[in-house]
Amino acid sequence: MSRSEALRSAAVADRLAAIAALTAQGSADPEELAALVECLAHPAKAVARRAAEACGVLSRRGVGVRDVLLRHLTAPDMRRRWGAAFALSMLGEPPPESAAALLEALGCDDGDIRWAAADILRRLQGRPDLLDRLCALLREGNAAQRKMAAYCLRDLDARRDVVAPALSAALDDSEPAVRLAAMSALARLCVDRAAAARRIALRLSDVDAGVQRAAAATLGQLGERSEPVLAALRAAAGSSDTSLQRAANRSLRILG
């Protein structure tokens, strides 16, 4: 079996052995390189990750991996687009062309892929359009994308004027996980802490108990001592939900 055939084998062990051999060799002919890039979309994460690492090694040895990967950013298969973006991140600074595939991957069913994409997006922090695209995703993406967009904005420490209103609006999202992410991000990024506290205090009556508890805890972190916020926390402290009671009382103690 040739190296390229092994890289396309149905057996994971064959693929891993062929990837290891290519990595050790430090070179690949065009057919081997094409087969290696196909491995980036393999459902076995060990195969996909080793293939991405091999792309990094080959690129450093002068093999023209980058151009092949850039072409795969527009492949018809989502996993191949993601695999190309992930492999490009192994070559050095992620290219701006990979942003679309990375933002798409934030909506993937696989949590490992979502968080890996978020990690790579943080390395694109200097891109002037990235925050606008994340805010758009926060409004228009699927549930996973909306949640991950909020966390990305938080981790990018994004304090542009467009960010806080987008996060504030997301506090009313239909998905509890998105509301939680928006709350976490808004607490870190808000400039007007009083306005943020008023919006978050409304979530003390959220239909989801986890969001209620998070709102109570977050109000303590914000440090806003206005009477409406304190009154909302006192009401939550009288809840029949003991976890909400504890969170509200803890924040009341913090706020004095």
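So here's what we get for this one:
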quantity	calculated
Failed item in (1) within 28 Å of A117 (Cβ to Cβ); (2) crowded, with 21+ Cβ neighbours inside 10 Å; (3) out of contact with any Leu (no Cβ under 7 Å at 6 or more places or on another chain), with P165 passing the rest	(2)
Counted residues, the stretch 170-202 - those being small (G, A, S), more than 19 Å from V229 (Cα to Cα) and surrounded by fewer than 17 Cβ atoms within 10 Å (Cβ to Cβ)	1
Those residues of the stretch 1-28 which are under 24 Å from T74 (Cβ atoms) and either surrounded by fewer than 14 Cβ atoms within 10 Å (Cβ to Cβ) or out of contact with any Cys (no Cβ under 9 Å at 6 or more places or on another chain) (or both), in sequence order	S4, A28
Condition broken by W115, with the remaining ones in (1) closer than 30 Å to P228 by Cα; (2) surrounded by fewer than 19 Cβ atoms within 10 Å (Cβ to Cβ); (3) under 12 Å from the mean Cα position of the chain (by Cα); (4) among the hydrophobic types (A, V, I, L, M, F, W, C) satisfied	(1)
Where a residue in the stretch 2-13 is assigned by TED's automatic domain parsing to the domain that holds A46 and closer than 13 Å to A44 by Cβ and its partner, wherever it lies, is in a loop (DSSP other than H, G, I, E, B) and of a type in the set (A, V, I, L, M), with Cβ under 9 Å and at least six apart	S9/M1; V12/A44
Per-region count, the stretch 82-133, residues under 22 Å from A51 (Cα atoms) and not in a helix (DSSP H, G or I)	10
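Yes or no, residue by residue, for (1) within 21 Å of V211 (Cβ to Cβ); (2) assigned by TED's automatic domain parsing to the domain that holds A34; (3) touching a residue at least 24 places away in the same chain (Cβ under 8 Å); (4) not small (G, A, S):
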residue	(1), (2), (3), (4)
I113	no, no, yes, yes
I120	no, no, yes, yes
R123	no, no, yes, yes
L153	yes, no, yes, yes
P165	yes, no, no, yes
A177	yes, no, yes, no
L180	yes, no, yes, yes
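The values are calculated or read from the model by the stated rules, or taken from the named source; none is laboratory data. Just so you know, these numbers come straight off a predicted model, no measurement behind them. All Cβ positions, glycine included, derive from the backbone under ideal geometry; neighbour counts span all protein chains shown.
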